[in-house]
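I have placed the structure first, in the form of structure tokens, so that the comments after it can refer back to it.
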Amino acid sequence: MTTLGTKLARMRRQKGFSQHEIAAELKVTQPAYHKWETDASMPTNENIAKICDFFEISIHDLLDDPTYMISHNTFGGSNIVNQNIETISNMHINSPELIKSLIDNQKEMAKLIEMQGKLIDKLIDK
């Protein structure tokens, strides 16, 4: 299983950069970047776009790992990841459309997580 953190660390080493150097390029702190590489936290959609731009890869290439992307999870008949991945991978990394799409996707996922929490609460209350 290749996690996002594993990919970030591998790409950084291949380019010969330190975590501090990449963090500076991405305008984040080194501890924040370290957390991404160790999968302790996830970069925001904006930072994912910056990472892809820095490494000159598409979002699809960065996130395309069936063991990383839970691409078969559906809720209510919709598959959020697969609905947006093709749209996102066809956009230029700095395009306003990409940023809007990523933000919309994040909002939709937040709604689903909230709904999931409510369902779990209902199950616990039974």
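Read-outs throughout are calculated quantities, based only on the coordinates presented, and are distinct from any laboratory measurement. This is a predicted model, so every value here is computed, not measured. When we count neighbours, we look across all protein chains shown, and the Cβ atoms used for this are built from the backbone with ideal geometry, even at glycine.
Sorting 12-25, 110-123 by average packing, meaning the other beta carbons within 10 Å per residue, from highest down gives 12-25, 110-123.
Straight-line reach from residue 111: taking Cα to Cα under 20 Å and skipping same-chain neighbours fewer than 8 places apart, the lysines in range are 100, 122.
What FRET efficiency do you get for residue 47 and residue 97 if R0 is 25 Å and r is their Cβ-Cβ distance, rounded to the nearest 0.05?
Values: r = 18 Å, r/R0 = 0.72.
Computed FRET efficiency for residue 47 and residue 97 comes out at 0.90.
Within the straight-line cut-off of under 17 Å between alpha carbons, the lysines reachable from residue 15 are 7, 50, sequence neighbours fewer than 8 places apart in one chain being disregarded.
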